[in-house]
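Accompanying notes for the structure given below.
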Amino acid sequence: MEVRRPQSDEEFARLYRLRWQVLRAPWGEPPGSERDADDADSEHALIQAVDGQPLAVGRLHFNSPDEAQIRYMAIAESARGQGLGRCIVEYLEAIAHDRGATTIVLNAREEVSGFYQSMGYEIIGAGPTLFGTVKHVRMQKWLHRGE
């Protein structure tokens, strides 16, 4: 499956819809809550089905020149377990590495932290609790230059 940047307003609209469906709707959050002020200056990753529907999405932004952050990872329920999340993370890590980041951080829901650990991320502390019940852990991965 090809991972790439969204190319059109329509692709971005579909990307945001998947983010909302996976990351906000299950907790009763309104459409629009899946976006933030960093979206405009971020790198977005998208895997689509042949019909153009997004299967997996993620976002990378920089907290500082050395630290990138992955956010808004969402995999369509029908596409889970196929390695698409790994493809999105690897794509975003490559962008962070190419732009000189030395670390990547993320906040993972506790129940999916094992996925990120399998990709070399370490739990470095507690993350936020969203919507009163969704606990996260803060994770970090060191990137090595010259690899």
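Bear in mind that the values in this text are calculations on the coordinates, not laboratory data. Predicted model only: the values in this text are computed from it and were never measured. Because the Cβ atoms are built from the backbone with ideal geometry, glycine has one as well, and the counts that use them run over all protein chains shown.
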Compute the distance from the alpha-carbon center of the range 52-66 to that of the range 11-48, in whole Å. 10 Å
Less than 10 Å Cβ to Cβ from ILE123, Lys/Arg counted +1 and Asp/Glu -1: what total charge do the surrounding residues give? -1
What is the diffusion coefficient of the range 51-122 in µm²/s, taking the Kirkwood radius over Cα pairs and the Stokes-Einstein relation at 20 °C with a viscosity of 1.002 mPa s? 167 µm²/s
Relative contact order of the range 9-142, please, whole-number percent, based on alpha carbon pairs below 8 angstrom and at least 6 residues apart. 18 percent
Karplus (6.51, -1.76, 1.60) ³J(HN,Hα), θ = phi - 60°, over the range 43-50, in Hz, Gly and Pro reported as x: 9, 10, 10, 9, 10, 10, 6, 4
